[in-house]
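Report on one structure; see the data block that follows.
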Amino acid sequence: MADPVLAVRDLVVEFVSDDGVARAVDEVSFTVGRGEIVGLVGESGAGKTLTSEAILGLIRCPPGRVSGEVRFRGQNLLGADERALALIRGKDIAMIFQNPGASLNPVMRIGRQLTEAMAIHLAEARHRLRRRAVDVLTKVGIPSAAARVRDYPHQFSGGMAQRVMIGMGISCVPSLLIADEPTTALDVTIQAQVLALIRQLAREMGMAVLLVSHDLGIVSQMCHRVIVMYAGRIVEQAPVATLFHAPAHPYTRALIACLPGRDGEGRLGAIPGMMPGLKAMPTGCRFHPRCDKAEPRCATEEPKLRQVGADQIAACHLAKSDG
Amino acid sequence: MPLLEVEDLAKHFPVRRGLFTRALGGPERVVRAVDGVSFAIEPGETLGLVGESGCGKTTTGRLVLRAIEPSRGRIVFDGEDVTALSASHLLPFRRKAQIVFQDPYTSLNPRMTVGKIVGEPMRVHQIAADAEVPARVRALLDTVGLRPEHAQRYPHELSGGQRQRVGIARALAVGPRLIVADEAVSALDVSVRAQILNLFVDLRDRLGLAYLFVSHDLGVIRFVSHRVAVMYLGALVEVAPAARVFERPLHPYTQALIASIPTVGDGRASIFDEPARLLQGELPSPIDLPRGCRFASRCPHRFDRCTETEPRLEAAEPGHAVACFLYDRGSGERLAGQTRATLNHEGGAS
């Protein structure tokens, strides 16, 4: 297999306060290959957004402390200085966030915002950049793009604003897109349009995508590979079909059982309790207080991520080993 | 007799005009947030009201409770017309119809303890002597799965799921027969959402509650509802038993909505790789609605009549109402069959 576009190794994000050190992301490792869409799922507090922010170098240090390795096309971004990072972010790595309205400058025309980003990264004449801005908006499916470049953000609906954000993201032909809950603020029919667009761009441009989401349905339809996080750690990682058909970790299984099923009958498999806070992490397996399969050793021994199937790893004492 | 019957309910909000337009004497414009909605809920029944943002589902929930005044229409609760009751006469109705809000973070008074929040409706409605209130609060907290010591806590000390349980306990405090649940699980994490949905279903079965369950989440709607009403731009476009809506939706909008839900699949095919199946375009503005069918501008099956007159919500099959000309009279049924065939074909081929 070719080198991955993104390779994260032993990523740790900690926050230092008077009460001590709280570890919010704990030794997270994964890769994203060219044209691959990898899902990072978990509930709030799992550390998925912090992981994506750490990759982009967006965590304020101090109080934050980030260690490990984030290799983007071979270059370690964690060691890179702010100037080098600024050159990569927005050009080779695009990012889109949950609230598209809040990510656009309200007093600047859309076209200007697009060309400004491109002018920083591409050495091209203004009039050519303007043409490119129109091309990009057309590509992300904005009707009458040539006229809309003169509009302000408030003249765009939520779905259209998110398309503009994606357009801005892809205007410099990035090799990696980090999308953090990109459609949470959108309606289901508009969400479908935006996600279809991301799928298409990954397929056609070979863009690697890290999709952060709490929605298992979206992840199952969008991703090639899925990483499940719980309380700052990866608990399972597998190809999408394996993860949903043969989940190895009890948390993954429980999460899938929480979804209202196709038949709409019976009770949902709710998980008792809630995700632990940073200051009250359980010993051993962090999921054991909520796990219906927990054994005594789960409370004392921390399970390591290990191979449990072809291409499938899980951190659970009870998961069967592969071979 | 239905517990709640709503007839031709409407809410039109005037659009605030600037000084300039007013001076020029431009026409009065209104947002038709809810534009003539009729439905009924039987005792113990859950009607799911589903639609995208801005379709008027939340406004409908508020109208039903007389939290806002309707522009037109009639609300009959338990055989009594409550549409025109004055504020003082509404109190008995308020005891029977309650609401649970979406956001458990902002719908609870941060300065009151849980015990006070849950006990207050009992005092307001004078349904328990002051001395009895603490015992009743404890019983209610137990009903919604909270411990007695939670009565002394403040909302900020609770998790989102616990807060939503407090919101439910508060609604139950006056012994209602109908609860309007307005996106009541939308702000919660998956595992907590499942806990609260189970609680809603348990309470319904134990207390014989009826719900108007308002949500944009089709998975949630399918799980809790006996019947489902689909709303688009202020009007109901389809009303049918839940299983029918999901297995054999008739209205092109419902069909598109269901096709857009990312359900957990086998990981081999993706609904997002078939843009032809997904709905194009966006919700038009509810100001100055176009003539004809509200959905016509986005409908893949539009024909001339759709842009001329508005289809009424009528039974296409027993218990299954739809507002669409494809199902008009006998010829409509045939046309509808074709449409479904076309849709399935497109879905499979592309």
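The values are calculated or read from the model by the stated rules, or taken from the named source; none is laboratory data. Computed from a predicted model, the values in this text were never measured in an experiment. Reconstructed Cβ throughout: ideal geometry from the backbone, glycine too, with neighbour counts over all protein chains shown.
Checked against (1) within 14 Å of chain A (Cβ to nearest Cβ); (2) in a helix (DSSP H, G or I), B:M231 passes all but a single condition, namely (2). Take B:V180 and tell me if it is touching a residue at least 60 places away in the same chain (Cβ under 8 Å), part of a strand (DSSP E or B) and away from chain A (no Cβ under 14 Å). Yes: the conditions hold for B:V180.
Candidates B:L326, B:L257, B:L335, B:L289: the one that is at pLDDT below 75 and of a type outside the set (F, W, Y) is B:L335. Filtering region A:164-177 to residues that are in a strand (DSSP E or B) and buried (at least 24 other Cβ atoms within 10 Å of the Cβ) leaves only A:L177.
Quickly run through region B:284-313 and pick out the residues that are outside any loop (DSSP other than H, G, I, E, B) and surrounded by 13 or more Cβ atoms within 10 Å (Cβ to Cβ). Those that are outside any loop (DSSP other than H, G, I, E, B) and surrounded by 13 or more Cβ atoms within 10 Å (Cβ to Cβ): B:A296, B:S297, B:R298, B:R305, B:C306, B:T307.
The rows are residues; the columns are (1) surrounded by 13 or more Cβ atoms within 10 Å (Cβ to Cβ); (2) modelled with pLDDT of 95 or more; (3) in contact with an Asp or Glu (Cβ under 9 Å, 6 or more places away or on another chain).
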{"position": "A:P239", "(1), (2), (3)": "yes, yes, yes"}
{"position": "A:G266", "(1), (2), (3)": "no, no, no"}
{"position": "A:G277", "(1), (2), (3)": "no, no, no"}
{"position": "A:A280", "(1), (2), (3)": "no, no, no"}
{"position": "A:R290", "(1), (2), (3)": "yes, no, no"}
{"position": "A:T300", "(1), (2), (3)": "no, no, no"}
{"position": "A:A310", "(1), (2), (3)": "no, no, yes"}
{"position": "A:K320", "(1), (2), (3)": "no, no, no"}
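Restricting attention to region A:57-66, the residues that are exposed (fewer than 13 other Cβ atoms within 10 Å of the Cβ) and either among the basic types (K, R) or assigned to a strand (DSSP E or B) (or both) add up to 1. Among the candidates B:Q126, B:Q152, the residue that is on the phi > 0 side of the Ramachandran plot and free of Cβ contacts under 8 Å to residues at least 40 places away in the same chain is uniquely B:Q126.
Summed over region A:294-312, the residues that are part of a loop (DSSP other than H, G, I, E, B) and in contact with a Cys (Cβ under 6 Å, 6 or more places away or on another chain) give a count of 1.
I'd like the residue in region B:260-301 that is among the small types (G, A, S) and more than 20 Å from A:F244 (Cα to Cα) and, out of all such residues, is farthest from the other protein chains (Cβ to nearest Cβ).
Across region B:260-301, the extreme among qualifying residues is B:G292.
Kindly check whether there is at least one residue in region B:274-283 that is part of a loop (DSSP other than H, G, I, E, B), buried (at least 19 other Cβ atoms within 10 Å of the Cβ) and either at positive phi or at pLDDT 80 or above (or both). Looking for residues that are part of a loop (DSSP other than H, G, I, E, B), buried (at least 19 other Cβ atoms within 10 Å of the Cβ) and either at positive phi or at pLDDT 80 or above (or both), one finds none in region B:274-283, hence no.
A:R132 satisfies every condition listed in (1) of a type in the set (D, E, K, R); (2) within 14 Å of chain B (Cβ to nearest Cβ); (3) buried (at least 16 other Cβ atoms within 10 Å of the Cβ) except (2). Take the conditions (1) touching a residue at least 24 places away in the same chain (Cβ under 8 Å); (2) assigned to a helix (DSSP H, G or I); (3) closer than 24 Å to B:R204 by Cα; B:A135 misses just one of them, which is (1). When the residues of region A:107-163 are narrowed to those that are in a loop (DSSP other than H, G, I, E, B) and modelled with pLDDT of 85 or more, which ends up nearest to A:Q200 (Cα to Cα)? Looking at the filtered set, the residue picked out is A:V149.
With respect to being free of Cβ contacts under 8 Å to residues at least 12 places away in the same chain and small (G, A, S), A:A102 fits the description.
Of all residue pairs spaced 6 or more apart or on separate chains, those with beta-carbon atoms under 7 Å, a first member in region B:297-316 that is farther than 22 Å from B:A240 by Cα and a second member that is at pLDDT below 90 are B:S297/B:G281; B:S297/B:P284; B:S297/B:P290; B:R298/B:L279; B:R298/B:Q280; B:R298/B:G281; B:T307/B:R291; B:E308/B:R291.
Contact map, region B:236-256: residues that are within 13 Å of chain A (Cβ to nearest Cβ) paired with residues that are among the hydroxyl-bearing types (S, T, Y) and surrounded by 21 or more Cβ atoms within 10 Å (Cβ to Cβ), Cβ distance under 6 Å, separation 6+ or inter-chain. Pairs shown: B:A242/B:S225; B:Y253/B:Y232.
Is there a residue being aliphatic (A, V, I, L, M), surrounded by fewer than 17 Cβ atoms within 10 Å (Cβ to Cβ) and assigned by TED's automatic domain parsing to the domain that holds B:S186 anywhere in region B:225-241?
Checking region B:225-241: not a single residue is aliphatic (A, V, I, L, M), surrounded by fewer than 17 Cβ atoms within 10 Å (Cβ to Cβ) and assigned by TED's automatic domain parsing to the domain that holds B:S186.
For region A:208-221, does any single residue satisfy the condition of being under 17 Å from A:R163 (Cα atoms) and surrounded by 23 or more Cβ atoms within 10 Å (Cβ to Cβ)? Yes, there is a match, as at least one residue in region A:208-221 is under 17 Å from A:R163 (Cα atoms) and surrounded by 23 or more Cβ atoms within 10 Å (Cβ to Cβ).
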